[in-house]
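A.B. asks: Okay, here's the structure, questions in a sec.
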Amino acid sequence: MSGLIAPSILSADFTRLREEVDMINHSEADWFHVDVMDGVFVPNITMGFLVVKAIARMATKPLDVHLMTVHPEHYIQQWRDAGAQHITVHYEACTHLHRVIQQIKLTGAKAGVAINPHTPVSLLKDIISDLDIVIVMSVNPGFGGQAFIPHTFKKVSELSDLIHSQNASTLIEIDGGVTLENATMLIETGADSLVAGNTVFNSPNPTETIRLLKKAAKHNKPTL
């Protein structure tokens, strides 16, 4: 079985949103990755509750919602109500991270933490056992189409070691610059899930690209 593939809907053509969602529904993808940006935590604004609700009504696979926002604790229940099955907040945006993780879990959603490229993995050692997902940002968050940061491989390896040292079941997700060329090495280094935006939606045949990403990730598929 292969690793998890989560196409980033942010890279889709929103004038053809139903078609794009149907493509993912009928592909070998596992999750819909949904990037929410507020223009404050990152220098971009993307989608809100109404758009996510619309995607959730059409989607037949889990919505993996990644909040790149300040004060995510103010809106956790609203994102869950909008259809998020996974809710990931940024380490850098949460003063009381443990409290926010418990808040997410109380809604019934899977709880995740994302770390920016400059944030060391070691800062998660006291909370890793509480996390369902860690998103390792392999680009600086805010925009699609950025080049992959090679130091990500070292961070994934460190994070995998931390998870195993605490006998945790946390999944490692990579967000940013994922391509057919680096997918296999990311999985071999310890990643479980790969977010792919431009690689999928800018390709001539997105369904085939998703299939090739699954093929490139030739390791046991985790469950969540």
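A.B. asks: Please find, within region 169-199, the residue that is nearest to Trp31 (Cα to Cα) out of those that are of a type in the set (S, T, N, Q) and in contact (Cβ under 8 Å) with a residue 40 or more places away in the chain.
C.D. replies: Ser193
A.B. asks: Okay, moving on. Could you say which residue among Met47, Met37 is under 15 Å from the mean Cα position of the chain (by Cα), under 14 Å from Val65 (Cα atoms) and surrounded by fewer than 21 Cβ atoms within 10 Å (Cβ to Cβ)?
C.D. replies: Answer to the check: Met37.
A.B. asks: With the condition kept exactly as written, say whether any residue in region 16-26 is more than 22 Å from Leu213 (Cβ to Cβ), of a type outside the set (Gly, Ala, Ser), in contact (Cβ under 8 Å) with a residue 12 or more places away in the chain and touching a Pro at 6+ places or on another chain (Cβ under 9 Å).
C.D. replies: no
A.B. asks: Here's a follow-up. In region 117-151, what residues are among the acidic types (Asp, Glu) and part of a loop (DSSP other than H, G, I, E, B)?
C.D. replies: Passing the criteria: Asp126, Asp132.
A.B. asks: Here's a follow-up. Restricting attention to region 199-209, does a residue exist that is farther than 22 Å from Asn140 by Cβ, crowded, with 19+ Cβ neighbours inside 10 Å and either at pLDDT below 95 or touching a Ser or Thr at 6+ places or on another chain (Cβ under 8 Å) (or both)?
C.D. replies: Yes, because at least one residue in region 199-209 is farther than 22 Å from Asn140 by Cβ, crowded, with 19+ Cβ neighbours inside 10 Å and either at pLDDT below 95 or touching a Ser or Thr at 6+ places or on another chain (Cβ under 8 Å) (or both).
A.B. asks: Filter region 55-91 down to the residues that are more than 19 Å from Gln102 (Cα to Cα) and either surrounded by fewer than 18 Cβ atoms within 10 Å (Cβ to Cβ) or charged (D, E, K, R) (or both) and list them by number.
C.D. replies: Arg57, Met58, Thr60, Lys61
A.B. asks: Also, quick follow-up: Can you go through Ser169, Ser193 and tell me which one is out of contact with any helix residue (DSSP H, G or I) (no Cβ under 9 Å at 6 or more places or on another chain), closer than 19 Å to His86 by Cβ and not charged (D, E, K, R)?
C.D. replies: Ser193
Table: residues versus (1) among the charged types (D, E, K, R); (2) farther than 19 Å from Val40 by Cβ.
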{"residue": "Thr69", "(1), (2)": "no, no"}
{"residue": "Ala82", "(1), (2)": "no, yes"}
{"residue": "Ile87", "(1), (2)": "no, no"}
{"residue": "Cys94", "(1), (2)": "no, no"}
{"residue": "Thr107", "(1), (2)": "no, yes"}
{"residue": "Lys125", "(1), (2)": "yes, yes"}
{"residue": "Met137", "(1), (2)": "no, no"}
{"residue": "Asn140", "(1), (2)": "no, no"}
{"residue": "Glu158", "(1), (2)": "yes, yes"}
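The values are calculated or read from the model by the stated rules, or taken from the named source; none is laboratory data. Just so it is clear, the model here is predicted, and its values are computed rather than measured. We place every Cβ from the backbone using ideal geometry, glycine too, and count neighbours over all the protein chains shown.
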